[in-house]
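Undergrad: Here it is: the structure, laid out below.
Every number here is computed from the coordinates shown, using simple stated rules; none is lab data. Everything quoted here is computed from the prediction, not taken from an experiment.
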Amino acid sequence: MADEAQVIYEYVNGSTISFKTNNLSITYKRLFMTITSRPDGKIYVDDPAKPQRFFSCTSIITGSVLNTLNTVQTGSITYDATYPRLTTIYLAGGTTLTNIEVVLTDLKATDLGNGKWSVDVTFAERVQ
């Protein structure tokens, strides 16, 4: 069984949603990296060092928290130099990642009954 992680999403100053999960996935992509094979047989890599991270997880939340998340994401969310962001991601062993500007790119909610919802979320890091 995986260690539990906690992802704290702050969509405006002081307003947060916490996701507790045991299946956090962090994917790294190198944006704009090109690999070229030349006729001389050599391979050249051009990488302007623009990495982007994607954070995905599943969590169980209440219906009222899902309503807030839905209202925030379908409303006129304002993106600026600070928000929305993942303020803290608590990983196993006390390791943390902090203050990562993100965009919520995927939200899937499944009704579990009794006011509980299973949500699958994916956050994409904003790249400047």
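Undergrad: Roughly what percent of Cα-Cα pairs across the chain reach past 23 Å? Please list the in-between numbers first.
TA: Numbers: 3266 of 8128 pairs.
That tail contains 40 percent of the Cα-Cα pairs.
Undergrad: Here is a follow-up. Calculated from DSSP H runs of 4 or more alone, at -39500 (n - 2.57) each and per residue, what is the 222 nm mean residue ellipticity of the chain, nearest 500?
TA: Rounded to the nearest 500, the figure is -3000 deg cm²/dmol.
Undergrad: So, one more: So for the chain, averaging the separation of alpha carbon pairs under 8 Å that are six or more residues apart and normalising by length, what relative contact order in percent results?
TA: Details: 252 pairs, mean separation 35.2, N = 128.
Over the chain, the number comes to 28 percent.
Undergrad: Could you give the length gained by full extension between residue 22 and residue 82, i.e. 0.36 nm per residue of separation minus their alpha carbon distance, to one decimal place?
TA: 18.9 nm
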